[in-house]
Structures are given as structure tokens and as C-alpha cells.
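Colleague: Please see the structure below; I have some questions.
Values in this text are rule-based calculations from the coordinates and carry no lab data. Please read all numbers here as calculations on a predicted model, not as lab measurements. Counting neighbours? That spans all protein chains shown, and the Cβs are built from the backbone with ideal geometry, glycine included.
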Amino acid sequence: MTFQSTTSSILHKLMQLYTILEIEHLKQHEDFPYLLEIREWVKNFLGRPHPNLGRPGAVCPFVPYSLKSNSIRLVVIRTKDLYPEQLEEVVGRYRSIFLGMEVKEQELAINKAFLIIFPDIDERAYQVIDNVQQKLKPLFVESGLMIGEFHKRNESPGLHNPNFRPLRSPIPLLAIRFMVEADLPFLLSPTDPHLRIKYLEAYLKHFGHKFTDETKFKNAYQALASAREELTAIVR
């Protein structure tokens with residue numbers, strides 16, 4: 001199968017997104033075991049408190065509300081015949097789908113999420129997920145979105161406990177959601193000042209005068225100024 005035909009075949013299935021409630025009716029579907037496993041992980045790990053989290057509340061504070069509003073959609077993508085470039089294209093298309101989906105009640109917008117599941121990626125190839133996330137994150141952040149990588153070997157530490165690993169999932173996946181003010185720490189991590197500047201400019205542009213936390217607003221501006229100074233020093 002050619003590069004073009006394989007990508008077209010995958011893209012043809014793009015709209016097969018299922019909500020948490022719809023999964024129960026897919027028992028005869030070939031992807032049901034993966035959808036079910038991730039649904040239970042969302043409910044029992046992301047949606048609940050954890051003793052090692054380092055703060056009260058659920059591991060992901062938005063998940064309980066997302067579950068109540070049925071705002072999470074899942075899809076299984078087969079990657080066996082995909083090149084990395086094709087995988088990036090497929091995931092990139094979900095950005096457009098995510099942005100194009102209307103939210104009937106605006107207050108539920110921040111609870112909307114896509115979970116793109118990759119059951120064909122085994123433990124020896126988790127770097128594929130990390131690479132796609134790193135490659136596409138600038139595009140997503142520019143659109144006011146966040147894209148996160150989850151798999152069994154993810155070593156990203158928790159914000160409140162460096163020994164906790166909140167981004168570990170039973171099956172590799174990428175998560176898409178809207179950016180929130182609390183995402184600032186995730187935009188400060190790049191060592192490359194060019195990328196840090198790009199992230200911070202998008203963050204400040206996205207929230208504009210809508211900041212509810214004055215401290216985050218000031219911290220973002222200070223971080224942007226520092227990144228620009230760092231870049232100027234490198235150029236000199």
C-alpha cells in the first residue's frame with residue numbers, strides 16, 4: 001500500500017470518535033477492548049484522587065466534570081502501516097476536528113477532550129508518541145490547545161510531586177484539550193528560547209485580558225521577557 005493510499009484510508013475513519021457513554025454499546029467492535037481499558041483508566045486514575053499526587057482532587061481536575069458532561073471522545077488509530085509523517089498528519093487532522101466541533105454550552109468547553117489511542121505501538125516504540133507530541137505541540141499551542149503524550153514509560157513528573165508520574169497510561173495515547181491558565185508550567189519547559197517565546201506569546205495572546213489569576217499573568221510576561229533576553233544574549 002502506498003504512502004498516499006494508507007493515509008487516505010486512515011483519514012477516512014477520522015470521524016469515528018466515541019463518547020464515554022457510547023463505548024458500552026460497542027461490545028462487538030474490534031476496538032472495544034482498547035476503548036474499554038482507556039475508559040476505565042480515565043475513570044479510575046485520571047478522574048480520582050491519588051495519594052502521591054501532592055494536592056487534593058483528581059489527578060486531572062477537569063476529568064470529573066468531563067465525565068459528567070460526557071465531553072470526552074475516544075478513537076483508536078492503527079499505526080502498523082503508518083510512517084511517522086503519516087501519523088503526524090493524522091493527529092494534526094484531529095486538531096482541526098477538535099476546533100471545528102461546536103460546544104452547545106460554552107461553560108463546558110474546557111471539559112472537552114479527545115483521546116487518540118494507539119494499541120499497535122509497543123513498549124519498544126514509545127518514542128514515536130513522544131516525537132509526534134513534540135513535533136505538533138507548537139501548532140496546537142498556537143491554536144489555543146494542548147496535546148499530551150501518555151504511555152507506560154512516561155517519566156514526566158507531577159507538578160506537585162516530582163516522584164509521581166501522572167502521564168502514564170495502560171495503552172499509548174495522545175490527548176487533546178483546550179489550553180487553560182494552569183498550563184503555564186508546561187509552556188516554560190523548552191530549553192530552546194525560540195520555542196519558549198513562541199509558547200508564551202501564544203499563551204498570552206490566547207488569554208489576553210481574560211486572565212483570572214493575576215499571578216500567572218505576571219509570571220508569563222516575566223518568563224517571556226527572560227526568554228527574549230536569553231535569545232538576545234545567544235545572538236550576541
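Colleague: On alpha carbon coordinates alone, what is the Rg over Rh value for the chain, Rh being the Kirkwood radius?
Modeller: Values: Rg = 18.4 Å, Rh = 19.0 Å.
Looking at the chain, the ratio lands at 0.97.
Colleague: Another question about this same structure. Which percent, to the nearest 5, of DSSP beta bridges fully inside the chain are antiparallel? If you can, show how the numbers build up before the last one.
Modeller: On the way: 13 of 18 bridges.
In the chain, DSSP labels about 70 percent of beta bridges as antiparallel.
Colleague: Tell me, what are the semi-axes, in whole angstrom and largest first, of the equivalent ellipsoid of the range 113-169 as set by the roots of 5 times the Cα gyration tensor eigenvalues? Intermediate results must be reported in sequence, preceding the final value.
Modeller: On the way: eigenvalues 69, 58, 20 Å².
Listed largest to smallest, the semi-axes of the range 113-169 are 19, 17, 10 Å.
Colleague: What pairs in 43/68; 68/137; 137/198 have C-alpha atoms more than 18 Å from each other?
Modeller: Beyond 18 Å: 68/137.
Colleague: For the range 60-161, with equal point scatterers placed on the C-alpha atoms only and solvent neglected, what are the log10 I(q)/I(0) values from the Debye formula at q = 0.11, 0.23 1/Å, to two decimals?
Modeller: Here log10 of I(q) over I(0) equals -0.38, -1.42.
Colleague: Could you list 43, 80, 216 so that the one with the fewest beta carbons within 10 Å of its beta carbon is first and the one with the most is last? Write out the running numbers ahead of the final one.
Modeller: Values: 43 14, 80 8, 216 18.
Least crowded to most crowded, the residues run 80, 43, 216.
Colleague: Oh, and also: Compute the length gained on full extension between residue 204 and residue 50: take 0.36 nm times their separation in residues and subtract their Cα-Cα distance, giving the result in nm to one decimal. All intermediate terms of the calculation are to be shown ahead of the outcome.
Modeller: On the way: separation 154, 0.36 × 154 = 55.44 nm, distance 3.15 nm.
Gain on stretching residue 204 to residue 50: 52.3 nm.
Colleague: Based on other C-beta atoms within 10 Å, arrange 180, 90 from fewest to most. All intermediate terms of the calculation are to be shown ahead of the outcome.
Modeller: Details: 180 15, 90 20.
Going from least to most buried by this count: 180, 90.
Colleague: Of the listed peptides 110-120, 199-209, what is their order by residue-averaged count of other C-beta atoms within 10 Å, with the highest listed first?
Modeller: Working: 110-120: 20.7, 199-209: 16.7.
The packing order, highest mean first, is 110-120, 199-209.
Colleague: Right, something else. Can you tell me the 0 to 90 degree angle between the C-alpha axis of helix 127-142 and the longest principal axis of the chain, rounded to 10?
Modeller: 60 degrees
Colleague: State the volume of the convex hull built on the alpha-carbon positions of the range 193-235, expressed per residue in Å³ and rounded to an integer.
Modeller: Details: hull volume 2.2 nm³, N = 43.
In the range 193-235, the Cα convex hull volume per residue is 50 Å³.
Colleague: Additional query: In debye to the nearest 20, how big a dipole does the range 3-179 give about its Cα centre with +1 on each Lys and Arg Cβ and -1 on each Asp and Glu Cβ?
Modeller: Using Cβ point charges on Lys, Arg, Asp and Glu, the range 3-179 gives about 440 debye.
Colleague: Further question on the same structure: Over the chain, what is the relative contact order in percent, taking alpha-carbon pairs closer than 8 angstrom and at least six residues apart? Each step should come with its number before you reach the end.
Modeller: Working: 313 pairs, mean separation 40.8, N = 236.
Reported relative contact order: 17 percent.
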